[in-house]
Amino acid sequence: MALKALVLKKRLNEKKEQLEELRRAAEQLQTREAELEQSINEAETDEEKAAVEEAVEQFEQEKAENEAAAGKLEGEIKGIETEIEELARNAPKPQNPEKREENFDMETRTFFGLDAQRRDAFLARQDVKEFLTRVRELGKQNRSITGAELTIPDVMLGLIRENISKYSKMISRVNLRSVPGTARQNIMGTVPEAVWTEMCAKLNELELSFNQIEVDGYKVGGFIAICNATLEDSDLSLASEIMEALGQAIGYALDKAILYGTGKKMPIGVVTRLAQATEPDDWGANAPTWKDVHTSNIVKLTAATGADLYKSIILTAGVARSTYARGSLTWVMNETTKAKLTAEALVINAAGAIVSGQGNTMPVLGGDIVTLDFIPDNDVIFGYFDLYLLAQRAGTTLAQSEHVRFIEDQTVFKGTARYDGMPVFGEAFGVLNINNTAPTTTVTFPPDSANP
């Protein structure tokens, strides 16, 4: 029964991902519809009208196909969810009613996205039980332990990575690649324009080039102290404590590096690349031509309100080039800035109700809005984040300390992950300030005080 539920949930997640892709495509269709309306109004000659009619016909077909596919997926998703609920209702009840009553709250709440059955199966695995047992035993020892490194079982490693995705809002939007060594991203040069000539004349030779950028790997992590009383609690409490803290710490640092990383012992951030006024000394010989965008793609908007503000944002967004992009624009800001933009988008509808043209997407242009608290007020980072290459290394581990906090009755664990990354094309991104102030291009990272 539990295995069937796992299969159904995997299928459900796949269907939801497909539906999300269709919804993103529907947003792009809305943009095309507005463009076609303008083309219809501007068409004058018979040829132009015929071309517009053909484009409209194709658009209507694509729109109908998208709606039909989305409707079908929604029906399939509802059917799978119903089947999962039926399995849960028919699941065998525990034999001991008193024990069931005692653990009711623990049984009904989810554990890192897992339901009760999957959570129990996870904690019952032999490798996980051995890992947790070793952690508990090490935490109770009173002697110094040398080289007592604990390798996370494969199943737990997967959950930690899932947890990092949960706390990192940017990792799902960049071009994430798992690589064992130095990574090289091949890039095809701009497609050349073909040459018109006579029907029987010789063809002209076209030039097509390839470029390449390299990324290495840097470690992100730290250690956390766990109270020994926690180590003596249940397996569920212990696993939650370790995975929750490590996921939050690593995910937060990763988001910050993707946007503001200095490139020194960490990835190069989007804003850092935009602010470069000269080509870096370590720019690869085979890398694409470096372009100076520190004046064109870093913009302060004259203070404005309402439609004028959004008009300025729309015009500024044009600096981000989508030549190589396959995704849509993403807008990143803090909650305060998002609240200001939402307030400026308020309108009163025909029913007299106050509504906003902005939710979690940018009005007119579209594109998801992501909020991160370390971005300064009034700054908005935008661009095609599928053109940010993030290389992820293998080997995430936990290790028990040598009782550096023994007298404090705490056991110390470390968590590490290794990444490197950089924007493949700086011109695919931009940063603006909505309050007529120069956008912030550097933020503070915690000092590496352990390695002066």
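Throughout, read-outs are computed from the coordinates displayed, never taken from laboratory work. Predicted model, so just to flag it, every value in this text is computed and none were measured. Every residue, glycine as well, gets a Cβ built from its backbone with ideal geometry; the counts of neighbours run over all protein chains shown.
Full extension of the chain segment joining N436 with E67 gains 128.6 nm, where the gain is 0.36 nm per residue of separation less the Cα-Cα distance. On full extension, the segment bounded by V56 and Q28 gains 8.6 nm, given 0.36 nm per residue less the C-alpha separation. Taking label positions 7 Å along the Cα-Cβ direction at both R177 and K311, the computed distance is 4.3 nm, reported to one decimal.
Backbone amide hydrogens, once placed in the peptide plane, bring V370 within less than 5 Å of W331, V332, M333, excluding anything fewer than 5 places away on its chain.
The amide H of L176, built 1.01 Å from its N in the peptide plane, has L390 as neighbours under 5 Å, considering only residues 5 or more places off or on other chains. 3J(HN,Hα) along the stretch 312-322: 5, 5, 4, 5, 5, 4, x, 6, 7, 7, 9 Hz, from the Karplus curve 6.51 cos²θ - 1.76 cosθ + 1.60 with θ = phi - 60°, whole Hz, x for Gly and Pro. If the segment from A201 to H294 were pulled out straight at 0.36 nm per residue, it would be longer than the present Cα-Cα gap by 28.9 nm.
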